[in-house]
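Here's the structure we're looking at; comments come further down.
The values are calculated or read from the model by the stated rules, or taken from the named source; none is laboratory data. Everything numeric here is computed off the predicted structure, so don't read it as measured data. All Cβ positions, glycine included, derive from the backbone under ideal geometry; neighbour counts span all protein chains shown.
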Amino acid sequence: MLKRVIHFLRHYLLEELLLLVMVVFLFLQHLESVIVLALLFSYVFLVLVLNNAFLLSKGIKKGLEDIKKERWYWALVLIFIALLFIWHFSFEAIIFLTLFVSFALYAWDSRILTGIALAFLISCPILLISKKEDIAEQMAVYAYFFLVMTVVLQIVEYLKASRKSKEENSKDNL
């Protein structure tokens, strides 16, 4: 029994870290315990669904490997974060801009940002039912930000792909 538990914990280590971050985030919001539990259960369900559908842990591992390979990009991201702090950007703006720049530099799959946006959208009805309109509105704004980032990254990806296909076609014609 203990071996099964240890194997389970090792296999889902990244998901556990995501859950821990979510629990801390929820308790910092000063919500009622029923709302926290409802959001936590929906988040656990979402993580499990994403793990099976998009292989979440493999995606996170790939992201960490990309960061290790491209140390220059990591240095650029850190410089970018430092500049945002120097220019007195809000904490939320720093997070959103850093995510956007990271996804653009490393060419990560923008569907991850769409999944985050969907998680924020899923939380909106739960918060509205529990009479937390202000927090629901903020979650909707976050969802909008993530959807905008997804669209811009998709446009960038499309432009890169079309440029690459034009280059290949010109090489084939020679």
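Taking only pairs six or more apart or across chains, which ones have beta-carbon atoms under 6 Å, a first residue in region 149-164 that is within 21 Å of residue 97 (Cα to Cα) and without any contact (Cβ under 8 Å) to a residue 24 or more places away in the chain, and a second residue that is of a type in the set (Gly, Ala, Ser) and surrounded by fewer than 11 Cβ atoms within 10 Å (Cβ to Cβ)? Within 6 Å, no pair qualifies.
Tell me which residues, restricted to region 96-119, are at pLDDT 85 or above and farther than 22 Å from residue 76 by Cα. Matches in region 96-119: 114, 117, 118. Number of residues in region 98-122 that are crowded, with 18+ Cβ neighbours inside 10 Å, of a type in the set (Gly, Ala, Ser) and either within 21 Å of residue 81 (Cβ to Cβ) or without any contact (Cβ under 8 Å) to a residue 24 or more places away in the chain (or both): the value is 2. Check residue 108 against each of (1) touching a Phe, Trp or Tyr at 6+ places or on another chain (Cβ under 7 Å); (2) under 21 Å from residue 62 (Cβ atoms) and name the one condition it does not meet. Exception for residue 108: condition (1).
Within region 136-147, does at least one residue satisfy the condition of being modelled with pLDDT under 85, surrounded by 13 or more Cβ atoms within 10 Å (Cβ to Cβ) and within 26 Å of residue 63 (Cα to Cα)? Checked against the condition, which is being modelled with pLDDT under 85, surrounded by 13 or more Cβ atoms within 10 Å (Cβ to Cβ) and within 26 Å of residue 63 (Cα to Cα), region 136-147 yields no hits at all. Restricting to region 52-73, count the residues that are over 16 Å from the mean Cα position of the chain (by Cα) and either modelled with pLDDT of 75 or more or under 12 Å from residue 102 (Cα atoms) (or both). Final tally of qualifying residues: 7. Only one of (1) under 27 Å from residue 66 (Cα atoms); (2) in contact with a helix residue (DSSP H, G or I) (Cβ under 6 Å, 6 or more places away or on another chain) fails for residue 154. Which number is that? With (1) under 27 Å from residue 66 (Cα atoms); (2) in contact with a helix residue (DSSP H, G or I) (Cβ under 6 Å, 6 or more places away or on another chain) applied to residue 154, the lone miss is (2). Any chance region 79-92 includes a residue that's closer than 28 Å to residue 161 by Cα and either surrounded by 13 or more Cβ atoms within 10 Å (Cβ to Cβ) or assigned by TED's automatic domain parsing to the domain that holds residue 161 (or both)? Yes.
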